[in-house]
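A short write-up of the structure that comes next.
The values are calculated or read from the model by the stated rules, or taken from the named source; none is laboratory data. Here the structure is a predicted model, which is why all the values come from computation and not from measurement. Here the Cβ positions follow ideal geometry from the backbone for every residue, glycine too, while neighbour counts run over all protein chains shown.
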Amino acid sequence: MKSGRVLRATTAAAASALVLALAATGCGGSGGSVSGKVTIRISTFSNMGFNRSGLFQEYEKLHPDITIKEDNAADEATYWQALQPKLSSGQGLGDIVGVEVGRIRTIAGRKAGMFADLSHAPGVRPDSFYPWKWAQAKTTDGQVLGLGTDIGPMAVCYRKDLFQQAGLPTDRTAVGKLWAGDWAKYVDVGERFQKQTKDKGLRFMDTGNGLYNAMIFGQVTSYYDASGRLVYDRNPGVRRAYDLAARANTSGQTAKLQQFQANWRKSFSAAKFATVVCPSWMLGQISQNSGPSGKGKWDIAKAPVPANWGGSFLTVPKNSKVRDEAEKLAAWLTAPAQQAKVFASATAGNFPSSKTAAGESAVSDTRNPYFNNAPVGKIFGAAARKMPTLNIGPDQMTITTTLSEGLTRVEQQGMDPDTSWRQTMSEIKSAIEKG
């Protein structure tokens, strides 16, 4: 999950119908009360969508003796840093703790003894989640320490008007065929785009770092093998992703921007680049930053291969004084009906980690008017269904961030890619040893 996401438009009536249908089958939770007043503290980051979609208020109405207090951090990096002393001491954590996918293996590995097994929490249906999402929070002994909130299945967002200027197809199906099967074809299209627009000051993509993430987050084995051993420094798949992103960075295809920074946000309105590697939550970033003038000019095409960038979990510390009630709330918030509501919220941006919710018409039939009425439910749903289960580990986020910094040196400072690769490998080793 990334900061500032805003959900695509959806059909509110259809979403409401799904909520009622799932609630009727027991997925949406039930009423009832507990003995005495209970306050449940939930720690979240960015826009996880629960409060703004009205779920906290709904749960409190269903359970009059429960009060939910949310402590929300604006961005995940700050949030995770603030959690470190609490994870070290085991004290001061919320009753429910949100965890980003890049951190979940720390919870399910090094910190596994601190968190509750939620696989059998009241209301949890393991088969309602995508299998690969369920597996991400599973320990070696089969416990599941986090319930998935959302995911970030991958597509490519593109400017139809800039594709037309470059003599490229603009229909989303035809565009997807340009790079079907291999991200290298995406870069090949970029070279073609640059040749056709060389006198117009345009760039094919915002930055090569997004391309790197898309490749890594679709590989079964990247930094860790199936046994949990680190292989980032000798895995050819990691080097291929790095080299392809470096090729984009050094061939003039990128606008040399850092994603989520101020200059990146401002650049959308200038319409100087044609594509953005696009997990589902990126739609909110694009529509917000491009503004009304970009409506209908952006569209969405299928990614070359299935990948998932982002998504989060809810965890429950074992020492929570209201652990039983916290587990029930975590299960309810991540049940299909509630995931559908978050997706339908006009202010969230989270594609369901529940295959049950994603498969219902309220989600699967959703189109986004801003992106030329693209069938976002079907595009992202198809990517989610085809995602493999990835081998991820506790230093996943650290390794990805450090490699991205290495690519930024290539893109913005002109460093030789091989030189930056060697420096990056040394930096990763040092960071892991310190961690």
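Worth pointing out:
- So Leu257, is it crowded, with 22+ Cβ neighbours inside 10 Å, outside any helix (DSSP H, G or I) and touching a residue at least 12 places away in the same chain (Cβ under 8 Å): yes
- Residue in the stretch 232-245 that is farther than 30 Å from Thr139 by Cβ and in contact with a Leu (Cβ under 6 Å, 6 or more places away or on another chain) present: yes
- Of the helices (runs of 4 or more DSSP H) contained entirely in the stretch 339-423, those carrying at least 3 residues that are aliphatic (A, V, I, L, M) fall at 376-385, 396-413.
- Among the candidates Asn235, Asn289, Asn249, Asn263, the residue that is polar (S, T, N, Q), over 29 Å from Gly381 (Cα atoms) and at pLDDT below 95 is uniquely Asn263.
- Contact map, the stretch 273-292: residues that are over 21 Å from Pro306 (Cβ atoms) paired with residues that are in a helix (DSSP H, G or I) and of a type in the set (D, E, K, R), Cβ distance under 6 Å, separation 6+ or inter-chain. Pairs shown: Asn289/Arg265.
- Checked against (1) surrounded by fewer than 18 Cβ atoms within 10 Å (Cβ to Cβ); (2) under 26 Å from the mean Cα position of the chain (by Cα); (3) among the polar types (S, T, N, Q), Gln164 meets all criteria but (2).
- Residue match in the stretch 272-285 (condition: within 21 Å of Met154 (Cα to Cα) and among the hydroxyl-bearing types (Ser, Thr, Tyr)): yes
- Some residue of the stretch 330-353 being among the polar types (S, T, N, Q), surrounded by fewer than 24 Cβ atoms within 10 Å (Cβ to Cβ) and at pLDDT below 95: yes
- When Thr419, Thr408 are checked against the criterion of being in the same structural domain as Ser251 (by TED's automatic domain parsing) and more than 29 Å from Trp281 (Cβ to Cβ), a single residue qualifies: Thr419.
- Checking each residue in the stretch 182-230 for being among the hydrophobic types (A, V, I, L, M, F, W, C), surrounded by 16 or more Cβ atoms within 10 Å (Cβ to Cβ) and touching a strand residue (DSSP E or B) at 6+ places or on another chain (Cβ under 8 Å) picks out Val189, Phe193, Leu202, Phe204, Met205, Leu211, Ala214, Phe217, Leu230.
- Conditions (1) assigned to a loop (DSSP other than H, G, I, E, B); (2) assigned by TED's automatic domain parsing to the domain that holds Lys355; (3) not hydrophobic (A, V, I, L, M, F, W, C): number failed by Gly113: (1)
- Residue match in the stretch 261-270 (condition: in the same structural domain as Ser430 (by TED's automatic domain parsing) and in contact (Cβ under 8 Å) with a residue 40 or more places away in the chain): yes
- Contact map, the stretch 191-203: first residue under 10 Å from Gly252 (Cα atoms), second residue among the small types (Gly, Ala, Ser) and surrounded by 15 or more Cβ atoms within 10 Å (Cβ to Cβ), Cβ cut-off under 7 Å, separation 6 or more or different chains; pairs are Leu202/Ala274; Arg203/Ala255.
- Candidates Ser53, Ser128, Ser89, filtered to the one that is of a type outside the set (D, E, K, R), in the same structural domain as Lys355 (by TED's automatic domain parsing) and free of Cβ contacts under 8 Å to residues at least 60 places away in the same chain: Ser89
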